[in-house]
1. So residue 165 passes all but one of these: (1) closer than 26 Å to residue 97 by Cα; (2) in contact with a Leu (Cβ under 7 Å, 6 or more places away or on another chain). Which condition number does it fail?
2. Return only the number of the condition from (1) touching a helix residue (DSSP H, G or I) at 6+ places or on another chain (Cβ under 9 Å); (2) surrounded by fewer than 24 Cβ atoms within 10 Å (Cβ to Cβ); (3) not aliphatic (A, V, I, L, M) that residue 106 does not satisfy.
3. What number of residues within the stretch 79-103 are touching a residue at least 60 places away in the same chain (Cβ under 8 Å), farther than 14 Å from residue 163 by Cβ and surrounded by 24 or more Cβ atoms within 10 Å (Cβ to Cβ)?
4. Considering 213, 227, which residue is over 27 Å from residue 146 (Cα atoms) and touching a residue at least 40 places away in the same chain (Cβ under 8 Å)?
5. Any idea which of (1) at pLDDT 95 or above; (2) buried (at least 20 other Cβ atoms within 10 Å of the Cβ); (3) closer than 17 Å to residue 39 by Cα is the one residue 278 doesn't satisfy?
6. Look through 393, 408 and report the one residue that is touching a helix residue (DSSP H, G or I) at 6+ places or on another chain (Cβ under 6 Å) and either surrounded by 21 or more Cβ atoms within 10 Å (Cβ to Cβ) or of a type in the set (S, T, N, Q) (or both).
7. Condition check: out of contact with any Pro (no Cβ under 6 Å at 6 or more places or on another chain), aliphatic (A, V, I, L, M) and touching a residue at least 12 places away in the same chain (Cβ under 8 Å). Does residue 158 satisfy that?
8. Give me a count of the residues in the stretch 165-199 that are under 25 Å from residue 71 (Cα atoms) and without any contact (Cβ under 8 Å) to a residue 60 or more places away in the chain.
Amino acid sequence: MKKRFSLALTTAITAGALSVGAFAAPAAFATDSLFGTPESEQPVVIGHRGAAGTAPENTVAAFKDGRTSGADFIEADVQLSADGVPFLFHDDTPKRTTNVEEVFPGRENDPITSFTWAELQQLDAGSYFSEKFAGEKIPHFNDIARVATKNTGVFMEIKSPKNSPGVEKVVADALHNDPAWIKLVEAGKVEILSFDPESNMRFAELAPEIPLQQLSSTVPDSATLAQIATFADSVGTSYRTLDQAGVDRVKAAGLEIGVYTVNDTDAMEESAAMGVQRITGDYPIQFERYLDGVKPFPASRGLVVTDSVNDVPGNDIQPEKGEHIIITNTGKTRVDVSGYYVRDAANNLLHIGEGYVIEPGASLQVFTGPGTNTDTKYFNGESVAILNNGGEAVGFWSANHTLLDTFAN
């Protein structure tokens, strides 16, 4: 059984965004590229919130996408409803990913945990992503266990545990008593994780046999890692803040290391080259194709996102020269990109207007803010910046909703 240590550790771990991990580390990487590598040399792939890049996050549709991809695990976030029912949802409020304003006007900024299970089931958690997913419900905790398999397991983040008192026991009881969860646990396909060390320690006492991951937005110092090693098995951190020294520090503490949220193959390659053992991302379908030696975007026709200019000098949405995405045609034929769009990780959209064609070798700049449209620039005229100055991840989609490329910086 892992030991428990002082709760003073809470102040030593900074808050961040998501999850990673698998209990057993794969073999060391033997090639310069992961493209088409043998499975024994591949990092463990975890679908973030199921497969949040291709389906509405934390829904059964996203979990099925993650399973279909062949990813090693699918990740989700658990919270408790006002009447104690465990459900899968990421945000602290329902505003971003549901139709709460229509169903419960005035409650859009209320804590998601202030809704009863019956109320949560009245919300549409799919339409925000696209009409294709209209009617997707907020899942029960057990729903993901019904989707998962012995090949594609579950990474379960205990989300905002301060808002769900007792959630650790609810989760531990389910893993011990529900047949679907028992089957996954026995196959070594369940791991629990949290940014909150107190929550992780509580869970370690309730279910010491379950692999446990401590999340942190940056890799802690060696002393803190030594404390983490008394109750957890691995550390998950942001790939954007990770360096080789951080990887080495984690491994020296006897812990394994994973990164989140990796959304293009270049970032996956860079992480693996440092010795990262597991990689969590929104696009497990595309990652698995890449690892299998197959083109991850077979319908791209040479269209790629070549840059995200997300932190321009001055105002990010200043007229004519604010934040923007650059789309380049690397193919041999001109492509009409009318109605194509860019989607970021928070589901903000940047559209391309009618009549835009990108010639071979040419590029189109797609801006968030206002400006004068030209053959090489399209302005969405929005008044609020959407691209993260500290690093952005986007997917590029055709007008018929086919994913053509991803990009992260």
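1. Every listed condition holds for residue 165 apart from (2).
2. (1)
3. Going through the stretch 79-103 one residue at a time, the tally reaches 1.
4. 227
5. All conditions pass for residue 278, except number (1).
6. 408
7. yes
8. Adding up the residues that qualify gives 16.
The values are calculated or read from the model by the stated rules, or taken from the named source; none is laboratory data. Worth saying up front: this structure is predicted, and the values here are computed from it rather than measured. When we count neighbours, we look across all protein chains shown, and the Cβ atoms used for this are built from the backbone with ideal geometry, even at glycine.
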